[in-house]
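The values are calculated or read from the model by the stated rules, or taken from the named source; none is laboratory data. These figures come from a predicted structure and were not determined experimentally. Glycine also receives a Cβ, built like all others from the backbone with ideal geometry; neighbour counts cover every protein chain displayed. Protein only, heavy atoms only, side chains kept; ligands, DNA and RNA dropped before computing areas. Shrake-Rupley method; radii C 1.70, N 1.55, O 1.52, S 1.80 Å.
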There are 2 protein chains.
Amino acid sequence: MARGSETRKRILDVAQDSVLAKGFDATSIEEIVASAEITKSGFFYHFRDKNALARALIERHIEVEDELFDDLLGRARELSDDPLQAALIGMKLLAELIEDMPGGHPGCIVATAVYQDRLFDRDVHEANRRAVLGWRRRFRAMFDEIAQAYPIHDEVDLDHLSDMVSSVIEGGIVMSRAIGEPRITAQQVMLLRSYIKMLFAPRIQ
Amino acid sequence: MARGSETRKRILDVAQDSVLAKGFDATSIEEIVASAEITKSGFFYHFRDKNALARALIERHIEVEDELFDDLLGRARELSDDPLQAALIGMKLLAELIEDMPGGHPGCIVATAVYQDRLFDRDVHEANRRAVLGWRRRFRAMFDEIAQAYPIHDEVDLDHLSDMVSSVIEGGIVMSRAIGEPRITAQQVMLLRSYIKMLFAPRIQ
DNA sequence: CGAAAAACCCCACCGCAGGTACAGTACCAA
DNA sequence: TTGGTACTGTACCTGCGGTGGGGTTTTTCG
């Protein structure tokens, strides 16, 4: 890796840690600069302003999360040919993954941007929007496949259902941080799993 | 109302509008004092610092929201003697209420505090915690009543289920703000309603 | 090898926001 | 009339985001 992009990565790394731990506004540039062992000028060489940093963080976060979901749902599909079973396995794996994170899910950068509206410019919000819509597409494809193989037991819009995956995770993060119980997010994912199961699974007896 | 508490209320009113519209950190004290038509000294007479303002906002928010839920669930119970039916009606009313809010749900102050950790002191987080645990108690009572009258069709912890009500609302707010679709929160509440229905309602045919 | 471009460092400075300190004042109640 | 409550006014300090400009090292490429 070239010297420049190495420094840039180091800035993003220390910024991400700090942002997830304390929030974006509580993370000062001077603090980032100190941790990354560069100067203020060095920082502003790589990022025009704090907004540019936020945008870069969000974009990187989306990539990582996309890979994570790809891997997770891919593994789930390997474990079962059935789309419903694969989804249920995927949600279980997701819950376990969240549960295993030290101190619960570290908190979603997307939500951080949402709750600090005026701090960010239009580009940041656009990146945010694309991320969430990407999740909708991903889960919509999953539910479409299930709906082709199984009857649905309640009148439910599949786009709304797809949004529910992200929604439950985001809500779970808020709740777990508010109460200080890290396990809540994983519990909420398991409840969503229960819903998916009841919504599609053939009723026994 | 005494002169002092009248000014205090005016400060809280303008602060709340601004916080819900732009976030807490983007709301400056100078802006608040201008809107409330007092001086900076006047502000600091009523609140020691921005933390005290946050705490007061959260506490007032909890009271208002509690009254709102009381009213809503009370009306639902008047419409049906059956606990499950009452809950389903209540969730429908809740979805309608959120839908009717201009520009969607204005955004929960609790989540605002969660995503700006270091900006607030322990008192604020404690107030936050109490609010969320209060919601859990409220919905737990509702689900207990339902569980006494109906069988439950999946192994589900009722505390987790109670948390899901708040979780879905908080998550819905994040999602709706991220995408810019105000209706998402109401849609998510309706999906939760669908889950509750499938979880408890006797299966016809 | 040499020059240009990239990747920084150093430092002085600005504006804004939160917050402090403290003296003075208007009003109301006992 | 006295004393508390509810402020106003002014001055000042700090930290942070951000700018400007000059200087230095490192890499790249002809």
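Which members of segment B:19-50 meet the condition of being among the basic types (Lys, Arg), part of a helix (DSSP H, G or I) and within 7 Å of DNA strand C (Cβ to nearest atom)? Break it down stepwise before answering.
Of the residues in segment B:19-50, the ones among the basic types (Lys, Arg) are B:22, B:40, B:48, B:50.
Restricting the remaining residues to those that are part of a helix (DSSP H, G or I) gives B:22, B:40, B:50.
Within segment B:19-50, B:40, B:50 qualify.
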Self-check item: Test: residue in segment A:38-52 that is within 14 Å of chain B (Cβ to nearest Cβ) and near DNA strand D (Cβ under 9 Å from one of its atoms)
Solution: yes
Quiz prompt | Qualifying positions in segment B:179-190 - among the hydrophobic types (A, V, I, L, M, F, W, C) and open to solvent by 10 Å² or more (accessible area, probe 1.4 Å) | solution = B:190
Quiz item: Would a scan of segment A:138-153 turn up a residue that is farther than 17 Å from residue A:57 by Cβ, in contact with a Lys or Arg (Cβ under 6 Å, 6 or more places away or on another chain) and at the interface with another protein chain (Cβ under 10 Å from one of its Cβ atoms)?
Solution: no
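Out of all the residues in segment B:121-137, which are open to solvent by less than 50 Å² (accessible area, probe 1.4 Å) and more than 10 Å from chain A (Cβ to nearest Cβ)?
Quick first cut of segment B:121-137, residues open to solvent by less than 50 Å² (accessible area, probe 1.4 Å) only: B:124, B:127-128, B:131-136.
Answer for segment B:121-137, where residues must be open to solvent by less than 50 Å² (accessible area, probe 1.4 Å) and more than 10 Å from chain A (Cβ to nearest Cβ): B:124, B:127, B:134.
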Exercise. Only residues that are under 24 Å from the mean Cα position of the chain (by Cα) and over 23 Å from residue A:131 (Cα atoms): list them for segment A:28-66, please.
Key: A:28, A:32
Quiz item: Can you name every residue in segment B:138-175 that is open to solvent by 10 Å² or more (accessible area, probe 1.4 Å) and under 28 Å from residue A:132 (Cα atoms)?
Solution: B:160, B:169
Exercise. Would you mind finding the one in B:56, B:26 that is within 16 Å of DNA strand D (Cβ to nearest atom), assigned by TED's automatic domain parsing to the domain that holds residue B:93, modelled with pLDDT under 95 and hydrophobic (A, V, I, L, M, F, W, C)?
Key: B:56
Quiz item: Is it the case that some residue within segment A:83-95 is more than 21 Å from the chain's Cα centre (by Cα) and under 25 Å from residue B:160 (Cα atoms)?
Solution: yes
Exercise. Please tell me if residue B:178 is without any contact (Cβ under 8 Å) to a residue 24 or more places away in the chain and out of contact with any helix residue (DSSP H, G or I) (no Cβ under 7 Å at 6 or more places or on another chain).
Key: no
Self-check item: Criterion violated by residue B:79 - all others in (1) in the same structural domain as residue B:182 (by TED's automatic domain parsing); (2) within 23 Å of the chain's Cα centre (by Cα); (3) not small (Gly, Ala, Ser) satisfied
Solution: (2)
Self-check item: Positions within segment B:160-188 being of a type outside the set (Ser, Thr, Tyr), more than 9 Å from chain A (Cβ to nearest Cβ) and in a helix (DSSP H, G or I), in sequence order
Solution: B:165, B:186
Quiz item: Applying the selection to segment A:17-59, what residues are open to solvent by 40 Å² or more (accessible area, probe 1.4 Å), among the polar types (S, T, N, Q) and either in contact (Cβ under 8 Å) with a residue 12 or more places away in the chain or touching a His at 6+ places or on another chain (Cβ under 9 Å) (or both)?
Solution: A:35
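Out of everything in segment B:1-23 that is within 9 Å of DNA strand D (Cβ to nearest atom) and either under 24 Å from the mean Cα position of the chain (by Cα) or not hydrophobic (A, V, I, L, M, F, W, C) (or both), what residue ends up being farthest from the other protein chains (Cβ to nearest Cβ)?
Restricting attention to segment B:1-23, the residues satisfying the condition of being within 9 Å of DNA strand D (Cβ to nearest atom) are B:2-8, B:10-11.
Now drop any that are not either under 24 Å from the mean Cα position of the chain (by Cα) or not hydrophobic (A, V, I, L, M, F, W, C) (or both), which leaves B:3-8, B:10-11.
Details: B:3: 33, B:4: 31, B:5: 29, B:6: 29, B:7: 26, B:8: 25, B:10: 23, B:11: 20 Å.
Looking at the filtered set, the residue picked out is B:3.
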Quiz item: Can you name the condition, by its number, that residue B:100 falls short on among (1) more than 10 Å from chain A (Cβ to nearest Cβ); (2) within 22 Å of residue A:182 (Cβ to Cβ)?
Solution: (2)
Quiz item: When you scan segment B:1-14, how many residues do you find that are surrounded by 15 or more Cβ atoms within 10 Å (Cβ to Cβ) and near DNA strand C (Cβ under 10 Å from one of its atoms)?
Solution: 0
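Any chance segment B:192-201 includes a residue that's farther than 21 Å from residue A:152 by Cβ, more than 7 Å from chain A (Cβ to nearest Cβ) and part of a loop (DSSP other than H, G, I, E, B)?
Step one: filter segment B:192-201 for residues farther than 21 Å from residue A:152 by Cβ, giving none.
No; the residues of segment B:192-201 include none that is farther than 21 Å from residue A:152 by Cβ, more than 7 Å from chain A (Cβ to nearest Cβ) and part of a loop (DSSP other than H, G, I, E, B).
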Quiz item: Among the residues of segment B:69-117 satisfying the criterion of being modelled with pLDDT under 90 and of a type in the set (A, V, I, L, M), which is most open to solvent (accessible area, probe 1.4 Å)?
Solution: B:101
Quiz item: Conditions: (1) within 16 Å of DNA strand D (Cβ to nearest atom); (2) within 14 Å of chain B (Cβ to nearest Cβ). Residue A:35 meets all but one. Number of the miss?
Solution: (2)
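For segment B:83-100, enumerate the residues that are in contact (Cβ under 8 Å) with a residue 60 or more places away in the chain and of a type in the set (A, V, I, L, M, F, W, C). Don't jump to the end; show me each part of the working.
First pass over segment B:83-100, keeping only residues in contact (Cβ under 8 Å) with a residue 60 or more places away in the chain: B:83-84, B:87-88, B:91-92, B:94-96, B:98-99.
Selection gives B:84, B:87, B:88, B:91, B:94, B:95, B:98.
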